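The values are calculated or read from the model by the stated rules, or taken from the named source; none is laboratory data. Computed from a predicted structure; not experimentally measured. Here the Cβ positions follow ideal geometry from the backbone for every residue, glycine too, while neighbour counts run over all protein chains shown.
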Amino acid sequence: MSSEIELQIAPIVQESLMHNSRTFQNLQSLTASLFGVSAGILGLESYSGFLFYIIFSLLTSVLFYIIRVAPTSISSGKKPLDTSRYFLGAVDFWTGGLMNGLAGFILTWTLFYGLVSA
Amino acid sequence: MAQVPVQTIHRDPQLFYWILFPITIVMVLTGILRHYATVLMASAPKKLDQKTMREQRGLVHGINVRGNFHTLSKRSFNARRDALITAYESGAYLKDPENQGQPPPNPLSDPGSMEGMMGMMKNQMAMIIPNTLIMSWINAFFSGYVIMKLPFPLTIKFKSMLQAGVATKDMDPRWMSSISWYFLCIFGLQSVFNFILGNDNAANQMAQQMGQMGPQTAQMFGPGVDPNKQFLAEAENLAVIDHYSVLDNVEDRLLKSIRV
């Protein structure tokens, strides 16, 4: 009950939250395609390619946090690596991009691998 | 340890220009076409007559009062609640009060609901027709070509899917035919469409099907729903609310926040 009252005192605006996560998803799917391009040009195969994707998409999340989220979030009194000022769900923020961009990554990876090394 | 030799197949480089790029370009253009077809075919919401509008807005008013009661003072909330409950129970907002208590009309006989179904049919058609056309186009022109190699290994089970139309027994399942490039395009082009058309595009049928899988939004004013029952349920919901205000104890919270 008390948390409900707190939520009503400081309400969360659904539209802004959706806008934030949509912007982030856009960035993720776009960068996933670009990672696919670079993995294909580098000629990575099987595990090293997927590892490349995982590392770089996590790196995207970290950079997004450092550049866009951290400056205002830390100065407003949140702990470091706490995204609750702009996003609901920390797991979703850090790893949601992996599933999001996987299809785009595989498509461009296959395309450029085929174009470059075949 | 016996190393399996890597299969190499010498392919004509022209395959890329005559198979890979046409399929990709056609897929992208179909997506764009589908997006604009959906935008054009979207029927404008039908104009409601005054009575229907009053019925719907009356119900929405009750729901909003119920959802935001904490911003009202006790007195004004009580006044709103009493007025709404009396109106709901007497059926003051109903479109045709003499129909009260009768079973709802058959949704199929209502012309208004037919229009909604037509809209759904149109959407389905916009998805199915291009897919069938492209599938048969690829099958007719490009079947039997091996065009690419996947950058990751797959098990033998995928062979029949990826190499449809290529009946070569010992070929590595990593080699893929044109039809499997088509499937890759279906799944992976969403990010391209996001980039070209903006985020809420209707270009990708996979995304739309995902959306339909999700929880169906409850139809509030759909055909076959008895508005009188909705009003009575809403009156009950309003009656059981235990009112409090966000301004309760606000002075304590203020003092606590400025204490040094």
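Odds and ends about this structure:
- Per-region count, segment B:122-151, residues part of a helix (DSSP H, G or I) and either touching a Leu at 6+ places or on another chain (Cβ under 8 Å) or within 14 Å of another protein chain (Cβ to nearest Cβ) (or both): 1
- Only a single item in (1) among the aliphatic types (A, V, I, L, M); (2) closer than 30 Å to B:Gly188 by Cα; (3) without any contact (Cβ under 8 Å) to a residue 60 or more places away in the chain; (4) surrounded by 15 or more Cβ atoms within 10 Å (Cβ to Cβ) is not met by A:Leu34, and it is number (3).
- Qualifying residue in segment B:25-44 (condition: more than 30 Å from B:Met127 (Cβ to Cβ), surrounded by 13 or more Cβ atoms within 10 Å (Cβ to Cβ), hydrophobic (A, V, I, L, M, F, W, C) and touching a residue at least 60 places away in the same chain (Cβ under 8 Å)): no
- Subset of segment B:172-188 [within 7 Å of another protein chain (Cβ to nearest Cβ) and either charged (D, E, K, R) or touching a Gly at 6+ places or on another chain (Cβ under 6 Å) (or both)]: B:Gly188
- Residue in segment A:24-32 that is among the hydroxyl-bearing types (Ser, Thr, Tyr) and either farther than 23 Å from A:Leu107 by Cβ or modelled with pLDDT under 90 (or both) present: yes
- Unique match (being within 14 Å of chain B (Cβ to nearest Cβ) and buried (at least 20 other Cβ atoms within 10 Å of the Cβ)) among A:Phe105, A:Phe52: A:Phe105
- In segment A:74-94, the residues that are hydrophobic (A, V, I, L, M, F, W, C) and part of a loop (DSSP other than H, G, I, E, B): A:Leu81, A:Phe87, A:Leu88
- Conditions (1) away from every other protein chain (no Cβ under 14 Å); (2) surrounded by 12 or more Cβ atoms within 10 Å (Cβ to Cβ): number failed by B:Gln50: (2)
- Flag if A:Arg68 is part of a helix (DSSP H, G or I), within 11 Å of the chain's Cα centre (by Cα) and basic (Lys, Arg): no
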